Amino acid sequence: MSRDGTEQLLRELARDVSPVRPIPRLRAATAGVLALWAIVVLLLWMQGSPPAGAARTIPWQAPGYGAVLVGLAVIAGGATLAALAGAVPGREWASGASGCVALLGLLLAVGGGLIAVAEAGSRGAAEWSSSAACIRHAAALAFLPALAALLFLARGYAGRPVLSAALGVTGTVALGAVVVHVSCRAGGGLHMLLGHALAPLLLGFLVAAPIGLVIRRWRRGR
């Protein structure tokens, strides 16, 4: 086949192919998620509820408290990046490495929560009730960042949408849990474990399956 014939054949083959929309850069998506979280925190501060308002009364010297705080921050960064990278072809290595980092953060946060339980014990039903309130607060703070992350997953190519959805929600809820952990006045070891350290994991896996299936169906419909 001649060169002109080959070019004509390629033009005919490409004529009915829909144009491909480019996927936003990974760093831009990550910056967007963090920017939305910062905006939510700023609005919270403007309404008279500064996230660090209780900083003077927080036991910074307590090892359990510090471990939970650092663990939540590591979960936030690792899980969010793992979810976003999982939707970008060729970034599978970054997604896997970030997922391992998030797992280490989870172990650190849970370990800190267990230390807090051993140190302070439990006050019973009151801690269960306050833990649910903190989980709801973390979810509210994570709503916009999580929505942005999930829209990026839907637009990109998440090979494992359920896992990616779980990581996206886990990471963004961990961002909210960082603010909750710093501003919470409830105290108590069991509360710190359930309401702070485990909040990202509980919410992430609670909504992973339904959101992942929605992303998969929406992508197939495109």
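Taking the criterion of being under 14 Å from residue 152 (Cβ atoms) and exposed (fewer than 14 other Cβ atoms within 10 Å of the Cβ), the only residue of the range 83-101 that qualifies is 89.
Among residues of the range 90-106 that are under 15 Å from residue 26 (Cα atoms), those with a beta-carbon under 9 Å from a residue that is of a type in the set (A, V, I, L, M, F, W, C) and modelled with pLDDT under 85 at least six positions away or on a different chain give the pairs 91/26; 94/26; 94/88; 95/87; 95/88.
For (1) acidic (Asp, Glu); (2) outside any helix (DSSP H, G or I); (3) more than 13 Å from the chain's Cα centre (by Cα); (4) modelled with pLDDT under 85, each residue gets a yes or a no:
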position: 149; (1), (2), (3), (4): no, no, no, no
position: 157; (1), (2), (3), (4): no, yes, yes, yes
position: 165; (1), (2), (3), (4): no, no, no, no
position: 171; (1), (2), (3), (4): no, no, no, no
position: 182; (1), (2), (3), (4): no, no, yes, no
position: 193; (1), (2), (3), (4): no, no, yes, no
position: 196; (1), (2), (3), (4): no, no, yes, no
position: 203; (1), (2), (3), (4): no, no, no, no
position: 208; (1), (2), (3), (4): no, no, no, yes
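On inspection, residue 140 does not qualify as more than 19 Å from residue 77 (Cα to Cα) and either touching a Phe, Trp or Tyr at 6+ places or on another chain (Cβ under 9 Å) or in a helix (DSSP H, G or I) (or both). Taken over the range 123-146, the criterion of being modelled with pLDDT under 80 and either of a type in the set (A, V, I, L, M) or surrounded by 14 or more Cβ atoms within 10 Å (Cβ to Cβ) (or both) is satisfied by 123, 125, 126, 127, 128. Candidates are the residues of the range 31-81 that are of a type in the set (S, T, N, Q) and not in a helix (DSSP H, G or I); the one that is modelled with the highest pLDDT is 47. Just one residue in the set 116, 120, 177 is buried (at least 24 other Cβ atoms within 10 Å of the Cβ), of a type outside the set (Asp, Glu) and modelled with pLDDT under 90; that residue is 116.
The values are calculated or read from the model by the stated rules, or taken from the named source; none is laboratory data. Source: prediction; values computed, not measured. Counting neighbours? That spans all protein chains shown, and the Cβs are built from the backbone with ideal geometry, glycine included.
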